[in-house]
1. Please tell me the relative contact order of region B:214-272 in percent, rounded to the nearest whole number, where contacts are Cα pairs under 8 Å and at least six residues apart.
2. Before rounding to the nearest 500, sum -39500 (n - 2.57) across all DSSP H runs of length at least 4 in chain A and divide by the residue total; then give [θ] at 222 nm in deg cm²/dmol.
3. Most mobile of B:67, B:289, B:186 per a Gaussian network model of chain B (Cα springs, under 10 Å)?
4. If each DSSP helix of 4+ residues adds -39,500 (n - 2.57) and the sum is divided by the residues in chain B, what number results at 222 nm, nearest 500 deg cm²/dmol?
5. What is the average number of partner chain Cβ atoms found within 10 Å of a Cβ in A:159-170?
6. Out of A:215, A:87, A:180, any idea which swings most in a Gaussian network model of chain A, alpha carbons joined below 10 Å?
7. Considering the options B:311, B:107, A:150, tell which one lies farthest towards the positive end of the dipole of the protein assembly as shown, charges being +1 on Lys and Arg and -1 on Asp and Glu at the Cβ, about the Cα centre.
8. Ranked from highest to lowest mean number of other Cβ atoms within 10 Å per residue, what is the order of the peptides B:40-47, A:153-160?
Amino acid sequence: MRIVVCVKHVPDIQSERALGPDGRLVRDGGDGTLNELDENAVEAAVVLAEQARDAGGDAEVVVVTAGPDDAEDAVRRGLQLGADAAVHVLDDAVAGSDAIGTATVLAAAVRHLGEADLVVTGMAGLDGLTSLLPAALADLLDLPQLTLASSVALADGTVTVRRDLDHATEVLEAPLPALVSVTDRANEPRYPNFQAIMAARKKPVTVLTLADLGVDPATVGSAGARTEVVEAAPRPPRTDRVLVTDDGEAGRHLAAWLLERDLVRTTPATGEVL
Amino acid sequence: MATVLVLLDHADTGALRGSVLELATAARELAGPGGAVHGVWVGDEPLDPALPVLGRHGVSVVHAVTTGDADPLLTPVLAEAVADVVRAAGATVLLALSTFENKEAAARVALATGAGVVTDAAAVERDAAGRVVAAKTVLAGTWTTRCAVLTEVAVVLLKAGAVVSSHVEDEAPLAPEVRPRSVAVTDRATRVRVVERTAQAPSDRPDLSSADVVVVGGRGTGGDFGPLEALADEVGAAVGATRVATDEGWIGHEAQIGQTGVTVSPRLYLGFGVSGAVHHRGGMQASGTVVAVNEDPEAPIFEIADYGVVGDLFQVVPQLTEELRRLRRG
């Protein structure tokens, strides 16, 4: 069984993140990392592979990313977290890809690997946070999509996930091959020990170009992007801030402050009529 | 002339989801004089109670789409139905609420129609060249951007509460024309089987994602949301929580605000015992006014609070609720 995990290299969300004059994320800050939500995807894949091996089968987990030189760090981290092999699509023409362009590149990379039984992604990238990629990838790979999984199980060639939506909780199942995206509730990613880190150094990272994948550069990257950031500005800092220590009256003062600014209505709400 | 299509999210009962009328309002602006606003209603639920309301908000045609045996709550099915209507109506813009389900559908509609997509938009308009341009905050609310759609068809997902909904003026309420449509979705959209679906119990409180005022509890509540709920009921607020509070089981998962949960942008955010970890800030930093009460003066939420109180929430919240009740009711 082969499980492919698509991951992304993003600026560390704890760091100062910024957009450049071109409206693109500044990615050369040097504090990039494997997208934290993709750690859940790798963990889910590694656990499923372990279960398959325990049941006497073969299993391989391959992490795949597309991005500049630094993006290799993301797949290296995936290897430390237990993946067996990695693919890095490295091509200048990938720069500036929107979610659809990225999905196009990753779909080509997954196809290039041959048969995948399961494709796993995180629920979102913590840079753009569009959450468009999993569904786009499933569509391009013509796979059933089981997204936003808070748990994943494989049995008899069927994948079953549980997912929590705003208005409902669902259990979905589909025959393999399939695509699953997992939320940060799906598992607790392992922390690689020294042994795992050393072992990861020996695992292969295959570097591929768009030409290797047969992807027309005009369809991806900034050339193929369907949207363009025309303006980007840091949010101005808040002014007139109040910070007090409760002297026993803070609740009363806060109530007055809220009413003065009309932040809560001065008469109780009567309920909105559609 | 431009036809702007609005995805009419609705409950099983046929009730429109709260912010759909905001989409219709934004759609009227985008359609402009001579343009038209159409709705797409996918599913078998009754359309009747929604129709006059949609009419008053400027929707002139509703495409009522059935998908045969295919479950329209599965997003690939929804996407095929919506893409079919985009083509049939000749729509150049599709507006939908920015939910996880709609993002999935939008990705597939984009592939089917060649559209560019902007998610989590806080506003949408046309620029001088007639392009659809959406505003959004990114990087946990620290940057604002304007994003132009370069393709012939634009898909924009608007955050709940982004637009103040308004009726059509100086016109008698119009009844939208209903165009029934049956879409035969492909096998590839129906390979997922729904084994189980449990709807959330409806709440009397406003919907968290679109609420005007949000009361939020974090680790500092120690699991006691009672005082927060009393405050929420007093001011008509939704109740939300941090990841810690939902992980501890103090409140349902659907209440989680953050990058992986619900994104809120209320006029007023009231956070109690919330430290303001970066994940949480990513889901609330676009809020209008931020009030925070926390015992820890070093809590990061104070960096973004307009009004911060260092103190015990179990002292401050009941006093706040009582004082609001006194001042408002005399």
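1. On the way: 89 pairs, mean separation 24.4, N = 59.
Taking the mean separation of contacting Cα pairs over the length of region B:214-272, I get 41 percent.
2. Details: 8 runs with 78 residues, N = 274.
Helix-only estimate at 222 nm: -8500 deg cm²/dmol.
3. In the Gaussian network model the winner is B:186.
4. Numbers: 8 runs with 86 residues, N = 330.
It lands at -8000 deg cm²/dmol.
5. Going residue by residue through A:159-170 and averaging, the value is 6.
6. Maximum fluctuation in the GNM of chain A, among the listed residues, is at A:215.
7. Among B:311, B:107, A:150, the one farthest towards the positive end of the dipole of the protein assembly as shown is B:107.
8. Details: B:40-47: 20.4, A:153-160: 14.5.
So the order, starting with the most tightly packed, is B:40-47, A:153-160.
Just so you know, all these numbers are worked out from the coordinates, no wet-lab data involved. This one's a predicted model, so the numbers in the text were calculated from it and none came from an experiment. Cβ sites come from the backbone with ideal geometry, for glycine too, and all protein chains shown count toward neighbours.
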